[in-house]
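Visitor: The structure follows.
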Amino acid sequence: MQLHNTQTGRKEDFVPADPERVTMYVCGPTVYSFAHIGNARPAVVFDVLARVLRRRYAKVVYVRNITDIDDKINAAAAAEGVDIEVITQRFAAAYHEDLAALAVQPPDFEPRVTQHLPDIIAMIQRLVDKGHAYAAEGHVLFNVTSFADYGALSHRDRREMVAGARVEVAPYKKDPADFVLWKPSAPEQPGWESPWGRGRPGWHIECSAMSATLLGETIDIHGGGHDLVFPHHENERAQSTCAHDAQYVRYWVHNGFLNVNSEKMSKSLGNVLLLRDLLDEAPGEVVRLALLSGHYRQPLDWTDETLPRARKQLDRLYGALRDVESVEAAAEDAPEAFVRALEDDLNTAAALAELFELARALNKADDDAERARLKGQLLAASDLIGLLQSTPAQWFSGSDADGVSAEQVEALIAARAEARRQKDFAEADRIRDELTALGVTIEDSAQGTRWRMAG
């Protein structure tokens, strides 16, 4: 199995430190608003990676955190006049609901910053004791000049790093690039007691402390979006390495940006696509397939055609299964070519090509033994990538549609068939128009009339 390591800039054989316990940490959401489609991409990508790892290794410990201490959360809570927990609980629940719709499996641990403040404070104290951090005017800052390898992850020179971090010019900093580990809280702001006074942690320290507590000082894989490489992951790497005098991460894995109509998604452009709004447009499985349609490291361009195209692709896969509903699937593993694609730096685009090839072979199979074998392979492969989680009947009945039942559609199709048998083609056309008005697409074939909800 190979993964692209951001730090080395190349694809490497994945060899865990302990094959009996593979560890992976992925940066999760800051829960102050609803998740957008960009937030969904790493959740889906690393869900697939976790599935692939679990196929190969007996024990995989996957941690994805929730950031529930943040100035944006404070602002949202102040605007509503509520405690920050009201905001974080609301949007964490919404995040879980949205990811469940995408068939994203829960991680083994989902720590929250508020649950790990003693661990965070202890790590900061260790950095101070080792001379890598210092207290100044109620703040504690990491001194980047104490870590000679700072910048090795993001491959930036010093001027780029200072500019990229949008550093706050402050007289108490020893170096402009020094970053905050702990900062003071005003009386009206949430705060916790520490050796440096009442305050709250900086952003970067939380992941270092929580990953060390749950996974150990060195972890196999650290994942997240490419936007986190600098400064977040660069700073994590610095403080963790210095705190433990050990390598922090063995493989850094980052997914690419998600753009909307070839433009960066941003509030200023007004093109932020909320995940739950997209889930109103299409089933979660459609959104999931769309997110996996390109290689995870490449930018993914989201357009008006993205969801309709993914829905048609799923129609093809479910159509192949519908043709063999009477055939019991054989107990099969995912085909070697499919697994090989996923184990080649999680090449989901190549894996999906193998999946569609498998569906084509199933459509052409002419005996039940071959159909049973291919059906078993298709289901096993789909399960590994998190697709085909419904039955064909559920998929084509449009269980996501409002106000149209399968029984109603089947009755209209039967009435149309009878009209055609009676050569009452005007009535048959009228019923077809009625079905179209209900959002139903029908397909006449030698095997009879099939239908699906139009996407």
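Every number here is computed from the coordinates shown, using simple stated rules; none is lab data. Keep in mind the model is a prediction, meaning the values are calculated, not measured. Heads up, the Cβs are rebuilt from the backbone with ideal geometry, glycines too, and the neighbour counts pull from every protein chain shown.
Visitor: Let me know the shape class of segment 167-237, please: from the alpha-carbon gyration tensor, a ≥ b ≥ c as square roots of the eigenvalues, rounded when a/c is under 1.5, otherwise prolate if a/b is greater than b/c, or oblate. Mind showing how you got there, number by number?
Guide: Numbers: a/c = 2.22, a/b = 1.39, b/c = 1.59.
Taking the square roots of the gyration eigenvalues as a ≥ b ≥ c, segment 167-237 is oblate.
Visitor: Let me make sure I get this right: for segment 290-393, a, b and c are the square roots of the gyration tensor eigenvalues over alpha carbons, sorted descending. Under 1.5 in a/c it's rounded, otherwise prolate if a/b > b/c, else oblate. Which is it? Before the final figure, lay out the partial values.
Guide: Working: a/c = 2.49, a/b = 1.50, b/c = 1.66.
Taking the square roots of the gyration eigenvalues as a ≥ b ≥ c, segment 290-393 is oblate.
Visitor: Just to confirm a number: summing +1 for Lys and Arg and -1 for Asp and Glu over residues other than Tyr95 whose beta-carbon lies under 11 angstrom from that of Tyr95, what do you get? Intermediate values should be presented prior to the final figure.
Guide: On the way: positive: Arg64, Arg90, Arg276; negative: Glu97, Asp98, Glu110.
It works out to a net charge of 0.
Visitor: Okay, moving on. Placing +1 at every Lys and Arg Cβ and -1 at every Asp and Glu Cβ, with all other atoms neutral, what dipole size does segment 67-222 have around its Cα centre, in debye to the nearest 20?
Guide: Working: 14 positive and 24 negative charges, 121 e Å.
Roughly 580 debye, rounded to the nearest 20.
Visitor: Glu137 to Arg21: FRET efficiency via 1/(1 + (r/R0)^6), r the Cβ-Cβ distance, R0 41 Å, to the nearest 0.05?
Guide: 0.45
Visitor: Where the only charges are on Cβ atoms (+1 Lys, Arg; -1 Asp, Glu), what is the dipole of segment 49-115 about its Cα centre, to the nearest 20 debye?
Guide: 740 debye
Visitor: Same structure, new question: Once you place label points 7 Å from the Cα toward the Cβ at Glu434 and Asp227, how far apart are they in nm?
Guide: 5.0 nm
Visitor: Can you give me the distance in nm between label points at Val86 and Arg10, each placed 7 Å from the Cα along the Cα-to-Cβ direction?
Guide: 5.6 nm
Visitor: How far apart, in nm, are two points set 7 Å out from the Cα along the Cα-to-Cβ line at Gln389 and at Glu418?
Guide: With each label point 7 Å from Cα toward Cβ, the separation is 4.0 nm.
Visitor: Compute and list, largest first, the equivalent-ellipsoid semi-axes of the chain from the alpha carbon gyration tensor, each √(5λ) rounded to a whole angstrom.
Guide: Details: eigenvalues 485, 130, 60 Å².
The three semi-axes for the chain are 49, 25, 17 Å.
Visitor: Next question, about the same structure. Could you compute the FRET efficiency for Ala186 and Arg360, with r as their C-beta to C-beta distance and R0 at 56 Å, rounded to 0.05?
Guide: Working: r = 63 Å, r/R0 = 1.13.
E between Ala186 and Arg360, to the nearest 0.05, is 0.30.
Visitor: Where nothing but the Cβ of Lys and Arg (+1) and of Asp and Glu (-1) is charged, how large is the charge dipole of segment 146-302 around its Cα centre, in debye to the nearest 20?
Guide: Magnitude of the dipole: close to 320 debye.
Visitor: Quick one: length gained pulling Gln298 to Arg340 fully straight, 0.36 nm per residue minus the C-alpha distance? Before the final figure, lay out the partial values.
Guide: On the way: separation 42, 0.36 × 42 = 15.12 nm, distance 1.94 nm.
Full extension of this stretch gives 13.2 nm more.
Visitor: Could I ask something else about it? Output the 0 to 90 degree angle, nearest 10, between the alpha-carbon long axis of helix 306-322 and the longest principal axis computed from the alpha carbons of the chain.
Guide: The answer is roughly 50 degrees.
Visitor: Please list 87-99, 183-195, 328-340 highest first by mean number of surrounding beta-carbon atoms within 10 Å per residue. The partial results should precede the final answer.
Guide: On the way: 87-99: 18.6, 183-195: 14.1, 328-340: 16.2.
The densest-packed peptide leads the list: 87-99, 328-340, 183-195.
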